[in-house]
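To start, the structure itself, in structure tokens.
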Amino acid sequence: MEKIRSAKFHIGQVVKHRLYPFRGVIFDVDPTFDNTEEWWEAIPEDVRPSKDQPFYHLLAENEETEYIAYVSEQNLEQDESGEPLRNPQLEELFDETENGELIPRDVDIH
């Protein structure tokens, strides 16, 4: 029987990648890997994460562009920069509270 871990991060949390220069806000969480085998095998073997951990869907951005990323828990850490995110989909999926927290809107993104 496979052990499912609790997710360390939550929807609406701003995180950054541990190895690569991008950050984003979480908009969905998979308890374990739920993408294609092709996608997983395209990750260089020396940094390929295990599949038995939470994976996060992010509205991500780097210096050049905004995009959607799928990232393993082991490769994320909380973003403490306080910098605003600029992803154009942000306003479609989240409302911002007075203290700057992002809370999901009742929107079906799939």
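Quick one: compute the contact order of the chain, relative version, from alpha carbon pairs under 8 angstrom and 6+ residues apart, as a percent. Don't jump to the answer; show the numbers that get you there.
Values: 183 pairs, mean separation 29.9, N = 110.
Once normalised by length, the contact order is 27 percent.
From the protein chains alone at 1.4 Å, what is the descending order of accessible area for ASP95, ASP28, ASP46, largest first?
Numbers: ASP95 65, ASP28 40, ASP46 140 Å².
I get ASP46, ASP95, ASP28, largest accessible area first.
Quick query: amide H of PHE22 versus all other amide H atoms, modeled in the peptide plane; which residues come in under 5 Å with a sequence gap of 5 or more or a different chain?
Residues meeting the criterion, in which the H sits 1.01 Å from N, are HIS17.
Could you state, as a whole-number percent, how many of the C-alpha pairs of the chain are farther apart than 16 Å?
Numbers: 3568 of 5995 pairs.
Considering the chain, 60 percent of its Cα-Cα pairs are separated by more than 16 Å.
Using θ = phi - 60° and the Karplus form 6.51 cos²θ - 1.76 cosθ + 1.60, what ³J(HN,Hα) does each residue of the range 28-38 get, whole Hz, x for Gly and Pro?
Result, ordered by residue: 6, 9, 9, x, 9, 3, 9, 10, 7, 4, 4 Hz.
For ASP28, list long-range residues whose amide hydrogen, built 1.01 Å from N in the peptide plane, is under 5 Å from its own amide hydrogen.
Amide H to amide H, under 5 Å and 5 or more residues apart or across chains, ASP28 pairs with HIS57.
Taking θ as phi - 60°, what are the ³J(HN,Hα) couplings along the range 55-70 by the Karplus curve (6.51, -1.76, 1.60), each to the nearest whole Hz, with x for Gly and Pro?
Each residue of the range 55-70 in turn: 10, 10, 9, 10, 7, 9, 7, 10, 5, 8, 7, 10, 6, 9, 10, 10 Hz.
Please list 3J(HN,Hα) in residue order for the range 84-99, calculated via the Karplus relation 6.51 cos²θ - 1.76 cosθ + 1.60 where θ = phi - 60°; whole Hz, with x for glycine and proline.
In residue order, the calculated couplings are x, 8, 10, 4, x, 7, 3, 5, 6, 9, 9, 10, 10, 7, 4, 8 Hz.
Please work out how much accessible surface ILE103 shows to a 1.4 Å probe, ignoring ligands, DNA and RNA, in Å² rounded to 10.
That residue has around 80 Å² of solvent-accessible surface.
Taking the full set of protein chains and a 1.4 angstrom probe, give the accessible area of THR36 in square angstrom, rounded to the nearest 10.
THR36 exposes around 70 Å² with every protein chain in place.
For n ≥ 4 DSSP H runs only, could you compute -39500 (n - 2.57) per run for the chain, divide by its residues and tell me the 222 nm figure to the nearest 500?
Values: 2 runs with 9 residues, N = 110.
Computed mean residue ellipticity for the chain: -1500 deg cm²/dmol.
The values are calculated or read from the model by the stated rules, or taken from the named source; none is laboratory data. Treat the numbers as computed from the prediction; the structure is a model and nothing was measured. With ligands, DNA and RNA removed, areas are computed over all heavy atoms of the protein, side chains included. Shrake-Rupley method; radii C 1.70, N 1.55, O 1.52, S 1.80 Å.
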